[in-house]
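What follows is a short report on a single structure.
We did not get these values from a lab; they are worked out from the coordinates using the rules stated. The structure displayed is predicted, hence computed values, not measured ones. Don't worry about glycine lacking a Cβ; one is built from the backbone with ideal geometry, like all the others, and counts go over all protein chains shown.
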């Protein structure tokens, strides 16, 4: 009987040890956050979305701490998804600012072209008037 108890105890200990040494399951949300947050942080326009980037970094740091401390996967996933969403919001704000700048540049270029066209038209009319005067005098 004692031998059976020892065998059962040995098998239980081996099972516990193998469960502890198993590789942790991969958290896709955390991996996405680890990729996305640094990308948004290094954007040249990061300042326009500083609060969202700070939220993303804070959530990513919390998710990393939870993952290291072997917290519940749902807690890690929650923080990682918050980081991803904040980074996506920041990215959209950055893209909006870039699009608005492109629109402003396009509008400025359009105005320049219109002014040049008006100047050419004005010069053409002045040339026509002076030509008409010369022909009238002749």
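Sort 116-122, 51-57 by the packing proxy (mean of other Cβ within 10 Å over each peptide's residues), most packed first.
On the way: 116-122: 10.0, 51-57: 19.0.
Descending mean neighbour count gives 51-57, 116-122.
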**Report entry** For the stretch 36-66 and the stretch 110-127, distance of Cα centres in Å
**Finding:** 49
Report task. Starting from the Cα of residue 28, move 7 Å in the Cα-to-Cβ direction to define the label point; list residues of the stretch 77-114 whose amide nitrogen is under 12 Å from there. Result -> none
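Given the stretch 22-137, report the % of alpha carbon pairs whose separation exceeds 19 Å. Present the calculation step by step, with values, prior to reporting the outcome.
Numbers: 4179 of 6670 pairs.
Result for the distance tail: 63 percent.
If packing is taken as the mean number of other Cβ atoms within 10 Å per residue, what is the order of 77-83, 99-105, highest first?
Details: 77-83: 20.7, 99-105: 10.1.
Put in order of decreasing packing, that is 77-83, 99-105.
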Query raised in the report: How would you order 38-49, 124-135 from highest to lowest mean count of nearby Cβ atoms within 10 Å?
Result: 38-49, 124-135
Report summary line: Label model pair residue 104, residue 61: point-to-point distance (7 angstrom along the Cα→beta-carbon line) in nm is 3.2
Query raised in the report: Once you put a point 7 Å from the Cα of residue 119 and another 7 Å from the Cα of residue 97, both along the Cβ direction, what distance in nm separates them?
Result: 3.4
